[in-house]
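Worksheet: one structure, shown below.
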Amino acid sequence: MFGTQPSPCGAGTASGATEQGVTNTSIHIAYGDDRGFASTPGLDQEMGDAVRGMVKWCNDQGGINGRQIVGDFYDAAVLQVNSVMQQACKTDFMLVGEGWALDESAEQTRVGCNLAAVPGFANGPDFANGPESYQPVPNPADYLPASSLYEMAQLFPQQIAKFDFLHTTLAQATEIVIGKVNAAVQSIPGYHLQNCGVTLNYSGEPDYKPFAQKFVSCGAQMIFIDPGPGPLQNNMLQAMDGFGDKPIYLGEANEYASALAAWNTSGIGDNIYIREAFQPLENASLVPAVQDYINIVKAVGGKVDQLGEQAASSFLLWATAAKSCGSTLTRQCMINYLATVKTWTGGGLHAAGDPAENLPPECGMLLKLTGSTFSQFFPKTAGTFDCNPEYRYHVPQAQWGTTLGADRISTKFLTPNIIKPTA
């Protein structure tokens with residue numbers, strides 16, 4: 001078992017070189033992260049560590065129907081994603097659990113070689129709604145998991161009246177998210193944008209005080225942040241604190257990371273709240289899947305963090321589909337199976353997403369950072385989610401960042417050779 005999910009791994013008699021990367025005895029999968037990015041060393045390392053741990057966990061049980069899994073690791077270091085995709089296209093069966101900040105940069109290459117994917121996350125709109133791709137917790141271009149925006153309106157009605165964004169120059173990642181959140185808050189009563197106009201160079205600034213001063217002068221009391229833990233965000237929050245300004249910060253799941261907790265020894269980040277659809281590590285004693293994830297990754301000396309949970313759930317979904325294919329392990333068979341998975345929780349790791357229809361969860365929770373400790377803030381009962389159909393927000397077409405067909409698949413890089421689900 002993995003949490004509440006039966007393990008898809010074990011001995012068997014599957015055979016045949018049925019597809020690129022598949023032999024009688026092995027299955028080659030591509031995975032990776034951006035840990036080599038010079039500005040943020042170790043970026044998303046927990047994702048690669050999670051897949052490495054899951055591969056060992058599965059192989060120790062006998063692999064998939066007897067075939068051993070070979071994980072080919074690729075470090076995209078943010079800027080090299082197309083180069084690593086070109087390498088994976090030559091040797092691997094599928095992408096599994098990877099997380100690359102600039103995934104959009106390699107989408108034409110991926111689609112061109114039909115490298116089907118079960119990614120850990122998706123940033124760019126053409127990848128988020130790309131063909132031959134199924135996310136365990138979808139984050140498509142045309143929908144937003146907006147639970148935190150509704151919850152913050154309920155909990156902090158005064159502060160949302162002076163709401164704003166911390167922008168960066170990383171247009172393919174942070175600004176895509178901000179565009180969708182901006183559209184959502186304009187439809188939720190109580191929010192008012194201050195439009196302070198603060199944009200940081202993603203590679204860093206020599207002095208953050210002028211940017212902090214703009215927020216202070218503008219009167220922002222709640223600021224949406226998305227750069228993720230690291231020098232850029234840390235320096236900005238420090239500059240804000242230097243002015244004695246203590247707004248509420250609202251972030252996405254990438255903010256839930258041990259690096260942020262380790263940095264917050266002085267309490268500057270005590271007003272950070274984070275949207276989560278995953279169970280936090282702090283709930284491990286309540287949620288067996290979280291403890292299983294921690295044990296599996298620690299067994300290979302890896303780093304555990306929430307993004308690693310995403311990669312672990314991706315691997316589990318991929319492995320479940322692979323088991324169903326038996327000896328007929330082809331990309332077509334995998335896509336046929338994945339297109340039927342309407343509900344997926346990763347054995348209890350997260351709220352239910354809909355991989356088949358590429359729809360995000362209707363449930364979420366808020367985490368809060370206090371000192372070096374994260375804890376579930378809302379709902380108050382640890383291990384439970386707050387659910388409402390309106391939390392699955394349909395994003396206006398102007399914010400999609402791409403053109404989608406009637407099937408909600410991005411049309412930008414489609415070719416006549418796309419693998420589509422068949423009965």
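Taking the DSSP bridge list for the chain and keeping only pairs wholly inside it, about 45 percent are antiparallel.
For T403, what is the net charge nearby, where nearby means another residue's Cβ is under 15 Å from its Cβ and Lys, Arg count +1, Asp, Glu -1?
-3
Mean Kyte-Doolittle of at least -0.5 and a Cα length of 27 Å or more along the axis: which whole DSSP H helices of the chain meet both?
Passing helices, by number: 306-325.
Rg and Dmax, both from the Cα atoms of the range 1-106 and both in Å, are 14.9, 47.
Over the range 1-59, the ratio between the Cα radius of gyration and 2.2 N^0.38 Å evaluates to 1.48. Across the alpha-carbon atoms of the range 171-306, the computed radius of gyration and Dmax are 16.8, 50 angstrom. Computed extension length for T343-K368: 6.2 nm, one decimal, from 0.36 nm per residue of separation with the Cα-Cα distance subtracted.
Rounded to the nearest 500, the 222 nm mean residue ellipticity of the chain from helices alone is -9000 deg cm²/dmol, with -39,500 (n - 2.57) taken per DSSP H run of at least 4 residues. Applying 0.36 nm per residue to the separation of D270 and S187 and subtracting their alpha-carbon distance, the gain on full extension is 27.1 nm. Count Lys and Arg as plus one, Asp and Glu as minus one, and take only other residues whose Cβ is under 14 Å from that of A146; the net charge is then -4. The calculated pair-distance distribution of the chain uses every alpha carbon pair, bins of 20 angstrom beginning at 0, and gives 28, 59, 13, 0 percent. Subtracting the Cα-Cα distance of A38 and V300 from their residue separation scaled by 0.36 nm leaves 91.9 nm. Once you place label points 7 Å from the Cα toward the Cβ at T13 and D407, how far apart are they in nm? Distance between the two pseudo-spin positions: 3.6 nm. Normalising by residue count, the range 211-272 has a Cα convex hull of 71 Å³ per residue. Using the Cβ-Cβ distance between C387 and K90 with R0 set to 35 Å, the FRET efficiency from 1/(1 + (r/R0)^6) comes to roughly 0.20.
If you plug the beta carbon distance of S327 and A161 into 1/(1 + (r/R0)^6) with R0 = 51 Å, you get a FRET efficiency near 0.25. Taking all Cα pairs closer than 8 Å and separated by 6 or more residues, the relative contact order of the chain comes to 22 percent. Over all other residues within a Cβ to Cβ distance under 15 Å of G242, the charged ones net out to -1, with Lys and Arg as +1 and Asp and Glu as -1. For the range 266-423, the normalised intensity computed at q = 0.14 Å⁻¹ comes to -0.90 (log10 of I(q)/I(0), Debye sum over alpha carbons, equal scatterers, no solvent).
Basic side chains Lys and Arg get +1 at the Cβ, acidic Asp and Glu get -1 at the Cβ, and with that the dipole of the chain about its Cα centre reaches some 460 debye.
Computed from the coordinates by the stated procedures, all read-outs in this text should not be read as laboratory data. Every value quoted in this text rests on a predicted model; they were computed, and no experiment measured them. Counting neighbours? That spans all protein chains shown, and the Cβs are built from the backbone with ideal geometry, glycine included.
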